[in-house]
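Notes follow the structure.
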Amino acid sequence: MTAPHAAGVSTTRTGQQYLQAIDDGRAVFINGQCLTRHSQHPAFSGAVASVARLYDYQASHLDEMAFALDGERHVGKAWELPARHEQLLGRAHASLAWARQSLGWLGRSPDHVAAALTGMMTHIEVFEAHSPERAAALKAYFDDARRRDLYLTYTIVNPQGDRSRSPGEHTDNLYHTLGVVKETDAGVIVKGAKMLGTAAVLADEVLVGVQNPLKPGVDDRYALSFALPLNTPGIRILSRASYAEGKNAFDHPLSSRFDENDALIHFDNVLVPWERLFVYGDTAMCRRQFHGTAAEVLMDTQSLARLTAKLHFLTGLAQRMTEITGVSDFPAVREILGEMACNTLMIEGLFKSLIHCPVTQNGYVVPDKKHLYMCQAVAQSVYPKFIEALRKLAGGGVIMLPSHVDDLHNPEARLLVEQTQYSSSATPLERVQLMKLAWDAMGSEFGSRHLQYEMFYSGPHFVALARVHSEYDWEAAKAMACSALVETAESYCPTADGAGQAAGSSVSW
Ligand SMILES: Cc1cc2nc3c(=O)[nH]c(=O)nc-3n(C[C@H](O)[C@H](O)[C@H](O)COP(=O)(O)OP(=O)(O)OC[C@H]3O[C@@H](n4cnc5c(N)ncnc54)[C@H](O)[C@@H]3O)c2cc1C
């Protein structure tokens, strides 16, 4: 462990520095109000404090979490270009360590988008082929964001609107989706919305991009990627309902601390300076930015580290819940618990395979894209099954609970709790706490949002499967299948000397 402060100089970003930066005057709309100092608002303060704790953890575990950029300055490992396998392993373990700090409930911790930008830098030639100026802008931005260890969120999906039409075909509302209004000497003026920025109230800046399909000629104005501070004039953050506001740590132990928020982000004639513009006017480049570089693989390796931590948490929660209700040794219950443990270890195994079976591209060691896409698709289907299993095990125990911690301060209500929350392996109070935790994880608004998050944050399931389909080595698999046909009449090709020769029997795996 390295000391965070050497000779009184901060060598890395601390929680305190993060807290000082976050109230930057950004416009956050919630509950009918527009806030310009949001960090201490009850909707956001719990999550803001959790992020500050992440930076403090990094500052007090520099060897594990950070690398030396220049001289004394240390920044998070997510910013390190993985030129050696140990660096890929180091960044993955740092993500896992951070994920454990939030028990897996902060999806968009600062290492996620930092990893995306790092993955763009490992394939900077993709940007150079698009435009040398845009590539230079990305390089300069990366250097600056990395030096400051910035916390970025991203908005890379367009608002749904009418999904049967592309943004340019919404002719009655061309700026429903964020697009370019005009060019100026200073940059481009943009207007319109992006669907969601998770952690937009927590991050310093936003990276904007497009994952949705765009049509050349029709959608050129929407084909752009840039990064801006979230307090840029004209940016407005329209928060969803808070799941933390009015919640306390006893009744809602997760919501109160880890509601990272999601918000629609609207741009009202916002200037994007040329030096902040990374993709411009090229519809195909928008997806290449993520899929033709290591952006997607590095950012979602972080996601898998986080999911690994979260599933271990949920498996432990399920085990303790069944001990409390006295069913943990029933064979049928052990089967459900065994399946949960199995799925958790499967996700952990997939995470390990990503970092232990990498590929080398451009001299950088990165996870294999086809494995990453498979992990996304599998993770999307595992999580709903997990929640269903938890609900099955919980029964009504997660509902038969006092309304609020205040009930415990009312002597009559407390007596009722003590008489009714019986368990052979926990006090009534412990039982109530554990059941409230379980409900927060699986059934509260917060828990329910997490189900939606795990199903959609990496895109809809059909898209994840389409990506796997496009990356899978069908020829090798077909050749293997056909090798079983050696002795059949159709594939048995007689040679001149009358001996047989199998068609397509060489398998490269
Ligand atoms: C909690 C949460 C947090 C998020 N955070 C972020 C964030 O921080 N940044 C960000 O950029 N995005 C974020 N997103 C958005 C996320 O990336 C999108 O939800 C995801 O890409 C799916 O897009 P969509 O919601 O527009 O769904 P759609 O594309 O509209 O799809 C919804 C459903 O419609 C059907 N469907 C749609 N199109 C087709 C088709 N062509 N063929 C067949 N079926 C189809 C499918 O059933 C699909 O599941 C977040 C989403 C959630 C739920």
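The values are calculated or read from the model by the stated rules, or taken from the named source; none is laboratory data. Quantities reported herein were computed from a predicted structural model and do not represent experimental measurements. Heads up, the Cβs are rebuilt from the backbone with ideal geometry, glycines too, and the neighbour counts pull from every protein chain shown. Ligands, DNA and RNA are stripped out before the accessible areas are found, and what is left, the full protein with its side chains, is counted by its heavy atoms. Shrake-Rupley method; radii C 1.70, N 1.55, O 1.52, S 1.80 Å.
Residue count for the range 67-87 satisfying the condition of being of a type in the set (A, V, I, L, M, F, W, C) and either outside the structural domain of ARG53 (by TED's automatic domain parsing) or surrounded by fewer than 23 Cβ atoms within 10 Å (Cβ to Cβ) (or both): 5.
For the range 100-139, give me each residue that is within 11 Å of the chain's Cα centre (by Cα) and among the small types (Gly, Ala, Ser). GLY104, GLY107, SER109, ALA115, ALA116, listed by residue number.
Among the residues making up the range 155-168, those that are within 7 Å of the ligand (Cβ to nearest atom) and open to solvent by 10 Å² or more (accessible area, probe 1.4 Å) are ILE156, VAL157, GLN160, ARG163. In the range 311-327, the residue that is farthest from VAL432 (Cα to Cα) out of those that are open to solvent by 20 Å² or more (accessible area, probe 1.4 Å) and polar (S, T, N, Q) is THR315.
Assess whether LEU311 counts as being under 20 Å from the mean Cα position of the chain (by Cα), hydrophobic (A, V, I, L, M, F, W, C) and outside any helix (DSSP H, G or I). No: the conditions fail for LEU311. Among helices (runs of 4 or more DSSP H) entirely within the range 1-88, having at least 2 residues that are modelled with pLDDT of 95 or more, basic (Lys, Arg) and touching an Asp or Glu at 6+ places or on another chain (Cβ under 7 Å) singles out no element at all. Filtering the range 463-473 to residues that are more than 11 Å from the ligand (Cβ to nearest atom) and aliphatic (A, V, I, L, M) leaves only VAL468.
Mind counting the residues in the range 220-255 that are more than 16 Å from the ligand (Cβ to nearest atom), under 30 Å from LEU434 (Cβ atoms) and either of a type outside the set (S, T, N, Q) or open to solvent by less than 20 Å² (accessible area, probe 1.4 Å) (or both)?
Number of matching residues: 8.
In the set ALA140, ALA92, ALA115, only one residue is in contact (Cβ under 8 Å) with a residue 40 or more places away in the chain, in the same structural domain as ALA203 (by TED's automatic domain parsing) and within 16 Å of the ligand (Cβ to nearest atom); that residue is ALA115.
Selection of the range 432-484 for residues being hydroxyl-bearing (Ser, Thr, Tyr) and assigned to a helix (DSSP H, G or I) yields SER448, TYR453, SER470, SER483. Quick check: is even one residue across the range 385-396 free of Cβ contacts under 8 Å to residues at least 40 places away in the same chain and hydrophobic (A, V, I, L, M, F, W, C)? No, there is no match, as no residue in the range 385-396 is free of Cβ contacts under 8 Å to residues at least 40 places away in the same chain and hydrophobic (A, V, I, L, M, F, W, C). Looking at the range 150-263, the strands (runs of 3 or more DSSP E) lying wholly inside it that each contain 2 or more residues that are of a type in the set (A, V, I, L, M) and in contact (Cβ under 8 Å) with a residue 40 or more places away in the chain sit at 179-183, 187-198, 205-208, 224-229, 235-239.
When VAL181 is tested against (1) within 19 Å of PHE278 (Cβ to Cβ); (2) open to solvent by 10 Å² or more (accessible area, probe 1.4 Å); (3) in contact with a helix residue (DSSP H, G or I) (Cβ under 7 Å, 6 or more places away or on another chain), exactly one condition is not met: (3).
Provide a single number: the residues in the range 410-462 that are among the small types (Gly, Ala, Ser), buried (at least 20 other Cβ atoms within 10 Å of the Cβ) and more than 16 Å from the ligand (Cβ to nearest atom). The number of residues fulfilling the criteria is 1. Could you say whether any residue in the range 102-110 is under 30 Å from SER255 (Cα atoms), away from the ligand (no atom under 16 Å from the Cβ) and not assigned by TED's automatic domain parsing to the domain that holds LEU311? The answer is yes; a qualifying residue exists. For the range 194-219, a residue qualifies if it is charged (D, E, K, R) and open to solvent by 20 Å² or more (accessible area, probe 1.4 Å), and exactly one does: LYS215.
If you go through the range 256-274 and pick out every residue that is acidic (Asp, Glu), in contact with a Ser or Thr (Cβ under 8 Å, 6 or more places away or on another chain) and open to solvent by 10 Å² or more (accessible area, probe 1.4 Å), you end up with 1. When the range 34-66 is examined, which residues are found to be in contact with a strand residue (DSSP E or B) (Cβ under 7 Å, 6 or more places away or on another chain) and surrounded by 15 or more Cβ atoms within 10 Å (Cβ to Cβ)? Once the filter is applied, which keeps residues that are in contact with a strand residue (DSSP E or B) (Cβ under 7 Å, 6 or more places away or on another chain) and surrounded by 15 or more Cβ atoms within 10 Å (Cβ to Cβ), the range 34-66 yields LEU35, HIS38, HIS41, ALA43, GLN58, LEU62, MET65, ALA66.
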